[in-house]
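Remarks on the structure that follows.
The values are calculated or read from the model by the stated rules, or taken from the named source; none is laboratory data. None of these values were measured; they are calculated from a predicted model. We place every Cβ from the backbone using ideal geometry, glycine too, and count neighbours over all the protein chains shown. For accessibility, only protein heavy atoms count, side chains too; no ligands or nucleic acids. Shrake-Rupley method; radii C 1.70, N 1.55, O 1.52, S 1.80 Å.
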Amino acid sequence: MNLANKVTIARILLIPIFIVLFSKYPDWPEGIYYAAIVFLLASATDKLDGYIARKYNQVTNLGKLLDPLADKLLISAALILLVSQQMLYAWVALVIVAREVIITGIRLVAVTQKIVLQADRYGKIKMVSQVVAITAVMFTNHPFTLFTNIPIDQILIYISLVITIYSGFNYIRNNYRFLKLEAGAR
């Protein structure tokens, strides 16, 4: 296993630590800040594993599958935890997680045809927007509350939601031919 894939696996292994720290909230209010730091660290490994894979020519099919899976697990865990603490509407989390499940399904269909579909640039933008928005919600709109009463965290969530939906439609549009081929094979 190469270094890029090890970094991706490290991201997956950070998820339970994030969950444990977050789960201590609200009994341990500071725990959410530690959880946010772990979340941001795990999110940063997404950029790191991609950089290593490209720079050292370590791009593998395993990495192409594991990397987006790690992202989906991290984001889904964060969304579920935010909903459990009533920091996020369940329907927002449901839409985002549904998009991730649909895209994963498309990737699985492609894999049955020995095709590995990578994330496109909109998927990368979506991931960054989700990380920023989720972090803002975890910090309960801090430091924005120092400057304004506007719920910047909620605005960021809705912007991320729009980007998430758009990137999902774009991904489906660009990879529809693989779904069409599978449906025609039956």
**Q.** Fully extended contour minus Cα-Cα distance, from S76 to V59, at 0.36 nm per residue
**A.** 3.6 nm
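Between Y176 and T145, what is 0.36 nm times their sequence separation minus the Cα-Cα distance? Round to one decimal in nm.
The Y176-T145 span can extend by a further 6.8 nm.
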Q | Length-normalised contact order of region 1-41 in % [C-alpha pairs under 8 Å, at least 6 apart] | A | 36
Q: For region 51-97, take the alpha-carbon Rg, divide it by the Kirkwood Rh, and send me Rg/Rh.
A: 1.22
(Q) I'd like to know which of T60, Q86, S43 lies farthest towards the positive end of the charge dipole of the chain, counting +1 on Cβ of Lys and Arg and -1 on Cβ of Asp and Glu. (A) T60
**Q.** Per residue convex hull volume, Cα atoms of region 1-99, in Å³
**A.** 82
Q: Please compute the Cα-Cα pair-distance distribution of the chain with 5 Å bins starting at 0, giving whole percents from short to long.
A: 1, 8, 16, 18, 19, 15, 11, 7, 3, 1, 0, 0
Q) Which percent of the accessible area of region 58-186 is formed by carbon and sulfur heavy atoms (probe 1.4 angstrom)? A) 70
Q: With a 1.4 Å probe and every protein chain left in place, work out the accessible area per residue of region 1-155 in Å², rounded to a whole number.
A: 54
Q) Hey, what did the chain get for relative contact order, percent, Cα under 8 Å, at least 6 apart? A) 22
Q. Gain in length, W28 to A90, computed as 0.36 nm per residue apart minus the alpha-carbon separation, to one decimal in nm?
A. 20.0 nm
Q) Kyte-Doolittle mean at least 1.0 and Cα extent at least 27 Å along the axis: which DSSP H helices of the chain qualify? A) 3-23, 61-84, 90-112
Q.
Sequence gap of 8 or more, or different chains, plus Cα separation below 15 Å: how many lysine pairs satisfy both in region 23-167?
A. 10
Q: Find the eigenvalues of the gyration tensor of the Cα atoms of region 85-186, then list the square roots of 5 times those eigenvalues as equivalent ellipsoid semi-axes, largest first, in whole angstrom.
A: 34, 12, 10
